[in-house]
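Bear in mind these aren't lab numbers, they're just calculated from the coordinates by the rules spelled out. Source: prediction; values computed, not measured. When we count neighbours, we look across all protein chains shown, and the Cβ atoms used for this are built from the backbone with ideal geometry, even at glycine.
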Amino acid sequence: MSLRIRLSTAVLGLALSMGFAAVLAKAQKQETQQHVVTSDELSKQAAQPAEAREANENAIRHLLSSDAGQKALQSANVDYQRVDKAIGQLSDEEVAKLADRSRQAESDFAAGAISAKTLAYIILAVVVIVVIVVIARAV
């Protein structure tokens, strides 16, 4: 009888060990799967800075190419193409700041919070900032 008890205990212990090991393996597999980042997610994250920069450059260009922007550039004898080219030479941070100012100016003008003359001054300020930054980098 003691042999049967020992054998039963050994089989029961082996079964419990295997069950415990299976539970641990399953838990570890689930944890590993939760931390895996798909290649699509990585691609999207990698594309976000480029998309943000493009949107910011477009906001600046939209302001400068507007009727008020074209008039302001003409009054200052500044060529839009040269300013447009210079925008591409700005850092991401500089583009983001100017884009925020451009969006705010357009929003304020559309809401009637600023006059066309004030908008023209803001546009010229944006142009001056772009030119100064580009010239400073060239030196």
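Points to keep in mind about this one:
- Relative to the longest principal axis of the Cα atoms of the chain, the long axis of helix 2-34 lies at roughly 10 degrees.
- Neighbours of GLU93, meaning other residues whose beta-carbon lies under 12 angstrom from its beta-carbon, give a summed charge of -1 when Lys and Arg score +1 and Asp and Glu score -1.
- Against the compact-protein benchmark of 2.2 N^0.38 Å, the Cα-based radius of gyration of the chain scales to 2.23.
- Modelled FRET efficiency - R0 30 Å, VAL131 with GLN104, Cβ distances, 0.05 increments: 0.90
- Degrees, to the nearest 10: 116-138 long Cα axis against longest axis of the chain: 70
- Helix 92-111 axis, angle to the chain major axis (alpha carbon atoms, nearest 10°): 60
- Electrostatic bookkeeping for GLN48 treats Lys and Arg as +1 and Asp and Glu as -1; over the other residues with beta carbon under 12 Å from its beta carbon, the sum is -2.
- Net dipole in debye of the chain [+1 Lys, Arg Cβ; -1 Asp, Glu Cβ; about Cα centre; nearest 20]: 700
- Linear extension gain, HIS62 paired with SER8, 0.36 nm per residue minus alpha-carbon span: 11.3 nm
- Restricting attention to the chain, the count of lysine pairs at 8 or more positions apart or across chains with alpha carbons under 28 Å apart stands at 9.
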